[in-house]
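Here's the structure we're looking at; comments come further down.
The values are calculated or read from the model by the stated rules, or taken from the named source; none is laboratory data. These numbers come from a predicted model, not from an experiment. Heads up, the Cβs are rebuilt from the backbone with ideal geometry, glycines too, and the neighbour counts pull from every protein chain shown. Keep in mind that these areas ignore ligands, DNA and RNA; they rest on the heavy atoms of the full protein, side chains included. Shrake-Rupley method; radii C 1.70, N 1.55, O 1.52, S 1.80 Å.
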Amino acid sequence: AGRKQRALTRKKAFSLFVKAKEVSPASWCPGGGDGVRWLCCRQAFEELPGIHRHVALHHSGDVGQQERLDVEPAGGERSPVHGPTSAGIPEIWALPDTSRISHDDLTSIFFRSTSNILFLFAHLYHAVGSKVGEVLLYYCYCEVKDPEKLCTWQKALCQHLHLTGKVRVASEGINGTVGGSKVATDLYIEVMLSQPLFKNILCKEDFKSSAGGAHCFPDLRVGVFQEIVPMGIDPKVVSYKETGIHLSPKEFHREVEQYLSQASQGQSDTILLDCRNFYESKIGQFQGCLAPDIRKFSYFPSYVDENLELFKDKRVLMYCTGGIRCERGSAYLRSKAVCREVYQLKGGIHKYLEEFPDGFYRGKLFVFDDRYAICSNEDIISACRYCGALWDQYKLCSSQHCRQLVLTCPSCCNKGLTACCPVCQEKEFKVTSRASEQILKEECECTRKRPRVPIEHVSQRMLDTGK
């Protein structure tokens, strides 16, 4: 009897997962009619057996998590999760009732598929006035006693609302970037704010939003990690509780204004520090900032260690995309006990640009999804890798071996210059002639030649110039 019950529960979980991937023909075709019915992992499926095979082969773990969510932590009967009144599901883990919301309102109209023609059609339809979706960026540091349970609930919640993106869960909190329809993201915020785990900690202002949708991400990835932002240091050693002083966008704006005024006269005792990676600061940054030439945030602690003299007795103003990297980064910098004061921009560049779109931040804001960047002003501060013309729109290196981003303008692209370096360009030609070979991702010449942690030899460089 127990085995039969488990089989039934598994079947229900499987059906719920498949149901969450369903899209109506009207979602991509204004005239309706027959067509694609399921979308998963950037693949479109027209027949039920096709999506069933795909889920069975690639999402058995996800189905298992959905199945486990249907069980009370302390035992009890299993029941499918449909809404906050589902029997057997504690309210804290219940999913919102969406029975009164139409399927089209809950899903993004514009999505990617394996068909280039369908993708182009959807793109044109999106451009001429379809419902614009939204991408949310947020984090919350708090004590999570059962990260696995939170992870399972979070994955089920995102699937229930047809959201894609990335969510990191840890014992120290949660960090997420998700995209979907405006109806879905609004409901997601509502559910997150009502979640007892985040009560009196997470507020509506903590969610940064930008135009986008589910199409901005290839899929949904939710997992449990040691850190909700990968700095590579045990949270018990350097805790978010030891963070720097938070400044509102308005306060930060005033500080930067004062810093630039003093720096132009060579009198500043402040460092305006960008905590992001080099490819982020390359296309957009605050005027007069120090932008470390690092490829990963996990290199930031080493950067601080190698350049401690630079920060000695200085006031440090830190910033990043949404604020989360500054939480741990400022804590690490403070742990070295060399700075006079450490401040950080609350809400990151995202919140600053909402209040000061034409402020001291110039260029585009890099984002970790298929958009690569969002715009707040007309400035272009970066150049094409090949000809030097002003250009700030990233593309993936055309070599299938590579993982790097490259700035190459349309003119150079038309000449076939689409790789990040000559080595990758040569590999691309070889791969084209042997298309049947398995492609393995590897580090390219650009990465191997780049110093892992740069040393700032002239400590007053930024302070003297203010550039």
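Would you tally the net charge around Ser298, using a Cβ to Cβ cut-off of less than 12 Å, leaving Ser298 out, and scoring K and R as +1, D and E as -1?
+4
Could you check what % of the DSSP bridge pairs in the stretch 245-382 are antiparallel, to the nearest 5?
If we restrict to bridges inside the stretch 245-382, about 30 percent are antiparallel.
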Using just the Cα positions, wrap the stretch 132-224 in a convex hull and report its mean projected area in square nanometres, one decimal place. 5.1
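Is the shape of the stretch 170-311 best called rounded, prolate or oblate, per the rule: a/c under 1.5 gives rounded, else a/b larger than b/c gives prolate, else oblate, with a ≥ b ≥ c the square roots of the Cα gyration tensor eigenvalues?
Cα axes put the stretch 170-311 in the prolate bin.
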Determine the principal axes of the Cα atoms in the stretch 307-352, then give the extent along each, sorted from largest to smallest and rounded to whole angstroms. 30, 15, 15
How many percent of the accessible area of the stretch 132-224 is carbon or sulfur, using a 1.4 Å probe? 50
Search the structure for amide H atoms under 5 Å from the amide H of Ala170, placed 1.01 Å from N in the peptide plane, and list their residues when 5 or more places away or on another chain. Phe225
Using a 1.4 angstrom probe, figure out how much accessible area the stretch 245-382 has per residue, in square angstrom, rounded to the nearest whole. 37
If all Cα-Cα distances of the stretch 245-382 are sorted into 10 Å bins from 0 onward, what percent lands in each bin, rounded to whole numbers? 12, 46, 36, 6, 0
Eight or more residues apart or on different chains, and alpha-carbon atoms under 15 Å: count the Lys pairs in the stretch 245-382 matching that. 7
Report the full-extension gain for the segment Lys145 to Cys375: residue separation times 0.36 nm, less the Cα-Cα distance, to one decimal in nm. 78.9 nm
